[in-house]
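Dropping a structure here in structure tokens format, bear with me for questions.
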Amino acid sequence: MSYEGGNYELRTTNYELRITNYELRITNYELRTMILGFDPGRDKCGIAVKDSKGQLYYHQVVDSESAIATCQTLCQKYPVTQIVMGDRTTSKTWNAQLSEKVKVPVALVDEHNSTMEARDRYWEMYPPKGLTRLLPQGMRVPPRPVDDIVAILLIERYLKR
């Protein structure tokens, strides 16, 4: 939406406002909520940042030792308003650490079958090449951990609630 104008005058009983040759442009602005997905694990963790409209900004598998620091860095880089975390493996310990060190609310999301779903999603995001594409999808094994894709799925599950 755009509004352009010349000289305008607005008078009230106590105040007078004059706008002279002023151009006002208002653009459609959408507020997007940034969500950090966190798939906790003993050795490695999956982390993803996605907004409420579905735009993916970051996804990575990190060592458990650097997971909290990575979350802190991402919360500074992106305006994260919510952390969603899987409710299974070591979630109680991680929830306490995140709540203490990262000052963003944490919500637990059902993690049931997320790893199997992440394997399927991996092949959607990175279609197989060469002889691998001849294998049935159920027999394909991703060449890297899919914990970051699990974190993406946790965000999507949270948004569907």
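Can you pull out the GluC sites (Glu not before Pro) in the stretch 26-113 that DSSP calls coil and that have at most 10 other Cβ atoms within 10 Å?
Answer in residue order: Glu30.
Here's something else I'd like to know. Do the alpha carbons of any pairs in Lys92/Lys129; Lys53/Lys101; Lys101/Lys129 sit beyond 32 Å of each other, and which pairs? Spell out each step's value before the answer.
On the way: Lys92/Lys129 40 Å; Lys53/Lys101 27 Å; Lys101/Lys129 42 Å.
From Lys92/Lys129; Lys53/Lys101; Lys101/Lys129, over 32 Å: Lys92/Lys129; Lys101/Lys129.
Mind ordering 52-58, 150-156, 84-90, 138-144 by average Cβ neighbours within 10 Å, highest first? Don't skip to the end; give the middle numbers.
Details: 52-58: 12.7, 150-156: 25.9, 84-90: 19.1, 138-144: 10.4.
Highest to lowest by the protection proxy: 150-156, 84-90, 52-58, 138-144.
Under 16 Å between alpha carbons, and skipping anything fewer than 8 positions from Lys50 in its own chain: which lysines qualify?
Lys77, Lys160
Filter the trypsin sites (Lys or Arg not before Pro) in the stretch 96-128 down to the DSSP loop ones having no more than 11 other Cβ atoms within 10 Å, then list what survives.
Taking the stretch 96-128 and a limit of 11 other Cβ atoms within 10 Å, the loop trypsin sites (Lys or Arg not before Pro) found are Lys103.
Only the coordinates and a few stated rules stand behind these numbers; no lab work does. Only a predicted model underlies this, so the values are computations on that prediction, with no experimental measurement involved. Quick reminder, even Gly has a Cβ in these numbers, built from the backbone with ideal geometry, and neighbours come from all protein chains shown.
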